[in-house]
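All remarks here apply to the structure that follows.
The values are calculated or read from the model by the stated rules, or taken from the named source; none is laboratory data. Model, not experiment: these values are computed from the prediction. All Cβ positions, glycine included, derive from the backbone under ideal geometry; neighbour counts span all protein chains shown. When the accessible area is computed, the model is the full protein with side chains, heavy atoms only, and any ligands, DNA or RNA have been set aside. Shrake-Rupley method; radii C 1.70, N 1.55, O 1.52, S 1.80 Å.
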Amino acid sequence: LGEYESQLATLKLQEEILNSLDRKVKQGRGLETLTLAGIGIEDESLAALIDDLRQTILKKKELLKEYTSAYPEVRKLASRVDQLRRIIMQSVNNLYKSVREREKFLEEQMEKFRHELSSLSEDQRNFLALQRRFASNEKFYTYLMEKKTETEIRKASTVSANRIVDMALYPGKP
């Protein structure tokens, strides 16, 4: 039962992440910085779609520096952005439905176990409930710490293209 509870907590976290991702894509702002890195969703096709969306938006922005929005290539890229947004929203909705189905299945399994546990004495049930809660919280905490560490590693591995041209000069007297 404890394992099911920890899986359920992970699924609820993924559900919240998918809701947030869906809202961001629907709003359509800041999509060039959208990423799945370090958020716990391991869907290669969705990651590829988001990467394609980011690249398309960046190409469109580059063209808009020199051309108007009526330029054929800009219009083509704008159409591609809209298409990718629709596909991403559909993918997110499909993932959301999948997560909800897994949650429902886990809740049904947990209910079966709870029914079996009802035959135990109250002290045993309380003890098992505390053990399950502790194990679930411990696994959830470990999961979040892993994701935090992965994100910190990704952030630290990003190398800046900046370099020092000249050392700063400062006067000897104020």
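Entry note, the chain: relative contact order of 37 percent, from Cα contacts under 8 Å with a spacing of 6+ residues. Angle of helix 122-157 to the longest C-alpha principal axis of the chain, folded into 0 to 90 degrees and rounded to 10: 10°. Segment Arg54..Lys155, full-extension length gain: 34.5 nm, with 0.36 nm per residue of separation and the alpha-carbon distance subtracted.
Here Arg102 sits with roughly 110 square angstrom of accessible surface, probe radius 1.4 Å. Potential lengthening of the chain between Thr35 and Tyr143 amounts to 37.0 nm, from the contour at 0.36 nm per residue minus the alpha-carbon distance.
For the pair Arg100 and Ala70, a Förster radius of 41 Å applied to the C-beta separation gives a FRET efficiency near 0.45, rounded to the nearest 0.05.
With the simple spin-label model, which puts each label point 7 Å out from Cα in the Cβ direction, the Lys26 to Ala135 separation comes to 3.8 nm. Remark: the Tyr170-Ala78 segment gains 28.1 nm on full extension, using 0.36 nm per residue and subtracting the alpha carbon distance. Counting only heavy atoms of the protein chains and using a 1.4 Å probe, Tyr4 has close to 60 Å² of accessible surface. Within the range 31-165, all pairs of alpha-carbon atoms sorted by distance into 10 Å bins from zero give the percentages 10, 22, 24, 20, 12, 7, 4, 1.
Computed on protein heavy atoms with a 1.4 Å probe, the accessible areas place Val99, Val165 in the order Val165, Val99, largest first.
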